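Let me begin by presenting the structure, written as structure tokens, before commenting on it.
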Amino acid sequence: MSLETVPEEIADESVGISPSFDEVEPESDEAPESKPNFVQRFIESKKPTKDTPKNFLKAFWPPVLGIVVFLVLWAVLAPRVETSLGELPGPVEVLQAGGDLYDEYQASNEAKAEFVRTAPAGTIYTGPPTFLDQILTSLRTVGFGFLIATLIAVPVGLLSGLSDTFQRAINPLVQIFRPVSPVAWLPIVTYIVSAVVTGDDPFLAKSFINAAMVVTLCSLWPTLLNTAVGAQSVDKDLLNVGEVLRLTPIQKLRQLILPSALPYIFTGMRISLGIGWMVLIAAELLAQNPGLGKFVWDEFQGGSSESIARIMFSVFVIGFIGFILDRLMGVAEKFVRASQGV
Amino acid sequence: MNVPSIASQTGTTDLVDITSDDNEPKHAGDSQKLRCAGVKKTFKGAGGGPAVEALSGVDLYVRDNELVSLLGTSGCGKSTLLNIIGGLETASEGLVEVDGEQVVGPGPDRGMVFQNYSLFPWKSVRKNISFGLEVAGWGKSDRVERVNDLLGVVGLSEFAEALPRELSGGMRQRVAIARALAPEPDILLLDEPFGALDAHTRRSLQEFLLTLWQRTRVTILMVTHDVDEAIYLSQRLYVMQSHPGRIAEEIEVPFGESRGPMVKRDQRFLDLRDSIEDQLR
């Protein structure tokens with residue numbers, strides 16, 4: 001085409017004719033000369049605005065004050081509640097319970113090392129799981145359940161976002177199943193898993209699958225619904241551009257729909273992970289999956305004088321891990337979005 | 001429908017090949033690049049109401065290397081007509097031909113530019129322009145060369161690696177034009193290309209488009225509601241009216257191909273503008 005024959009200087013002239021584009025369009029001044037790569041952009045997005053000590057203080061005194069007020073109120077009010085197991089523990093007792101759990105973990109590790117040294121080869125250590133073991137079990141359970149949920153929810157969500165018929169077909173089911181509590185799912189899941197899973201793999205114990213499937217069933221929905229909204233949100237003109245370029249359905253999905261839907265998918269996944277972690281405790285508690293939920297349940301059943309403090313400590317641990325998981329999802333989202341430029 | 005073929009109507013079968021490599025400046029030839037014959041579009045009435053006739057039998061043509069405007073108020077069906085030519089919508093009746101071949105769907109031979117830029121927000125300027133070539137199966141070195149040429153043509157070489165959101169509206173629209181030009185289309189279809197821009201940027205992009213057209217000789221059909229813009233840029237324009245959408249008048253613009261902003265003070269320009277505005281009122 002004749003375009004190819006346009007020499008560079010003429011091309012430049014074509015810009016020169018219009019009175020300096022920079023003057024005309026003020027925003028263009030801000031435009032960078034070259035695109036920073038996504039790692040730089042990611043790091044940039046993580047930088048606080050100004051890192052002076054004054055700003056630091058300004059930003060941090062409200063949360064610190066909130067925590068201090070909470071601890072003081074707790075310490076003052078807790079001793080006034082007389083339970084069957086004695087006074088409700090205050091912050092100090094709960095911290096001590098945490099220390100005790102750590103000691104138990106150390107002791108158990110030593111016992112395990114001792115066992116490995118003395119026992120004949122081939123035998124498996126069967127001591128009680130430590131608190132840390134239980135945390136890891138819980139993380140594994142949620143990770144597995146959440147993974148399955150995501151693998152189901154994203155394709156189904158995309159499909160329902162792209163096909164009105166499919167959306168209308170599954171909408172009633174989604175609306176009905178979405179509000180169901182994990183406690184109601186568990187018995188059904190237990191029966192199904194017992195019927196389907198027959199293997200004796202220690203990594204895929206039935207209690208583990210039960211808890212993970214309950215996590216899946218409860219954390220499916222936010223990702224599914226958000227993905228559907230994301231797939232619908234693709235700019236109409238952009239789809240027209242895709243038509244003009246005659247994209248194949250696969251190219252359309254990969255180049256138009258997925259990038260447009262990505263922020264929505266991540267929002268959904270973040271909510272899903274939060275819900276998954278939340279329902280895990282209930283699921284484990286009933287499924288007897290050896291994680292944090294079971295720990296809480298066992299302490300409750302055991303009812304020793306330290307139990308309340310230990311349960312309270314695990315509440316903080318559960319909350320803290322949930323917070324970390326949410327943050328990790330946020331970081332993952334920023335990273336993926338920076339790498340895709342969306 | 002029984003429509004005579006474009007060749008028998010114009011009496012020529014060998015259309016000018018704009019992909020040829022000769023460096024001769026090309027002028028609007030007699031050959032028709034685009035032809036619409038009796039294009040009708042009827043929308044079903046909402047809720048079983050009477051059908052709405054958006055376009056009632058539009059006939060128009062665009063010659064090779066010509067810049068033509070479709071001018072009309074909102075709702076006159078000019079965008080619908082452009083979408084039918086682009087293949088994004090289908091006509092209820094009638095025929096659209098590009099180079100004598102009937103249009104049956106969208107394709108890169110009719111590059112489209114929309115009012116709201118519609119760039120891929122996650123692709124750099126370079127990749128936005130290059131993407132269509134990639135899809136069309138161009139080799140890598142051809143792609144790079146073509147994109148670099150176009151970046152020069154639209155004056156955005158420095159911004160090749162920027163993302164669309166880092167650019168101003170005018171710059172984005174220049175990227176969109178470059179993207180539409182990339183696969184060497186037979187005709188460029190512009191749908192209110194400067195409608196989302198402020199008055200100042202709009203004027204400078206009009207200059208830009210005029211220069212681009214003068215240099216590249218690409219055939220352009222542009223939809224606009226701006227009378228001054230239509231007269232200033234086009235060689236010929238069609239005035240459309242609504243209810244039902246139809247072409248009311250075809251006007252040859254009495255200015256040469258290289259025209260400057262001074263043309264806007266020419267008495268013929270002012271008279272033409274007044275008469276068109278009377279018609280649109």
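The values are calculated or read from the model by the stated rules, or taken from the named source; none is laboratory data. It should be emphasised that the depicted structure is a prediction, and the values quoted were computed from it without experimental measurement. Methodologically, a virtual Cβ is constructed for each residue, glycine included, from the backbone with ideal geometry; neighbour enumeration extends over all protein chains shown. All accessible areas refer to the heavy atoms of the entire protein, side chains included, with ligands and DNA or RNA removed. Shrake-Rupley method; radii C 1.70, N 1.55, O 1.52, S 1.80 Å.
Report every pair of residues separated by at least 6 positions or lying on different chains whose Cβ atoms are under 6 Å apart, first residue within the stretch B:195-211 and touching a residue at least 40 places away in the same chain (Cβ under 8 Å), second open to solvent by 10 Å² or more (accessible area, probe 1.4 Å).
So the pair list comes out as B:Gly195/B:Gln115; B:Ala196/B:Gln115; B:Ala196/B:Asn116; B:Glu207/A:Ile17.
Need a quick list: strands (runs of 3 or more DSSP E) entirely within the stretch B:52-140 having at least 1 residues that are buried (at least 22 other Cβ atoms within 10 Å of the Cβ), more than 14 Å from chain A (Cβ to nearest Cβ) and under 19 Å from the mean Cα position of the chain (by Cα).
Counting at least 1 such residues, we get B:52-63, B:67-71, B:93-98.
I need the full set of residues from the stretch A:160-170 which are within 19 Å of A:Pro263 (Cβ to Cβ) and either open to solvent by 50 Å² or more (accessible area, probe 1.4 Å) or of a type outside the set (S, T, N, Q) (or both), in order please.
The first filter runs over the stretch A:160-170 and keeps only residues within 19 Å of A:Pro263 (Cβ to Cβ), leaving A:160-162.
The answer is A:Gly161, A:Leu162.
If you scan the stretch A:217-245, which residues turn out to be in contact with a Pro (Cβ under 8 Å, 6 or more places away or on another chain) and either more than 14 Å from chain B (Cβ to nearest Cβ) or surrounded by fewer than 21 Cβ atoms within 10 Å (Cβ to Cβ) (or both)?
A:Leu217, A:Cys218, A:Asn240, A:Glu243
Taking only the stretch B:192-208 into account, find how many residues are closer than 16 Å to B:Ala180 by Cβ and either facing chain A (nearest Cβ under 9 Å) or crowded, with 24+ Cβ neighbours inside 10 Å (or both).
So the answer is 4.
Within the stretch B:255-279, count every residue that is assigned to a loop (DSSP other than H, G, I, E, B) and either of a type in the set (D, E, K, R) or open to solvent by less than 60 Å² (accessible area, probe 1.4 Å) (or both). Don't jump to the end; show me each part of the working.
To start, the set of residues in the stretch B:255-279 that are assigned to a loop (DSSP other than H, G, I, E, B) comprises B:255-260, B:266.
Next, from what is left, pick out any that are either of a type in the set (D, E, K, R) or open to solvent by less than 60 Å² (accessible area, probe 1.4 Å) (or both): B:255-257, B:259-260, B:266.
Of the residues in that region, 6 qualify.
Going through A:Ser272, A:Ser339 one at a time, which residue ends up being buried (at least 18 other Cβ atoms within 10 Å of the Cβ), under 30 Å from B:Lys123 (Cβ atoms) and either at pLDDT 90 or above or within 14 Å of chain B (Cβ to nearest Cβ) (or both)?
A:Ser272
Condition first: at positive phi, touching a residue at least 12 places away in the same chain (Cβ under 8 Å) and part of a loop (DSSP other than H, G, I, E, B). Can you find one or more residues in the stretch B:220-232 that meet it?
no
In the stretch A:167-281, which helices (runs of 4 or more DSSP H) lie fully inside it and hold 1 or more residues that are within 28 Å of A:Leu328 (Cα to Cα) and over 25 Å from the mean Cα position of the chain (by Cα)?
Output list is empty.
Out of all the residues in the stretch A:123-131, is one or more open to solvent by 30 Å² or more (accessible area, probe 1.4 Å) and in a helix (DSSP H, G or I)?
The answer is no; no qualifying residue exists.
Matching residues to (1) among the acidic types (Asp, Glu); (2) closer than 30 Å to A:Val68 by Cα:
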position: A:Leu95; (1), (2): no, yes
position: A:Asp100; (1), (2): yes, yes
position: A:Ala113; (1), (2): no, no
position: A:Ala119; (1), (2): no, no
position: A:Thr130; (1), (2): no, no
position: A:Ile135; (1), (2): no, yes
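Across the stretch A:104-146, which residue is farthest from A:Gly322 (Cα to Cα) among those that are of a type in the set (Asp, Glu) and under 30 Å from the mean Cα position of the chain (by Cα)?
Here the residue is A:Glu104.
When the stretch B:209-225 is examined, which residues are found to be closer than 17 Å to B:Asp64 by Cβ, of a type outside the set (D, E, K, R) and open to solvent by 10 Å² or more (accessible area, probe 1.4 Å)?
Hit for the stretch B:209-225 is B:Gln214, nothing else.
Count, please, the residues in the stretch A:246-264 that happen to be more than 17 Å from A:Ser163 (Cα to Cα) and surrounded by 18 or more Cβ atoms within 10 Å (Cβ to Cβ).
Count: 5.
Would you point out the residue of the stretch B:147-158, among those that are part of a helix (DSSP H, G or I) and more than 8 Å from every other protein chain (Cβ to nearest Cβ), that is surrounded by the most Cβ atoms within 10 Å (Cβ to Cβ)?
Here the residue is B:Val147.
Those residues that are over 18 Å from A:Leu95 (Cα atoms) and without any contact (Cβ under 8 Å) to a residue 12 or more places away in the chain, I need them from the stretch A:284-330; list them, please.
A:Asp298, A:Phe300, A:Gln301, A:Gly302, A:Phe323, A:Ile324, A:Arg327, A:Leu328
I'm trying to understand the selection: among the residues of the stretch B:159-178, which are under 11 Å from B:Arg126 (Cβ atoms), open to solvent by 20 Å² or more (accessible area, probe 1.4 Å) and more than 8 Å from chain A (Cβ to nearest Cβ)?
Within the stretch B:159-178, no residue meets the criteria.
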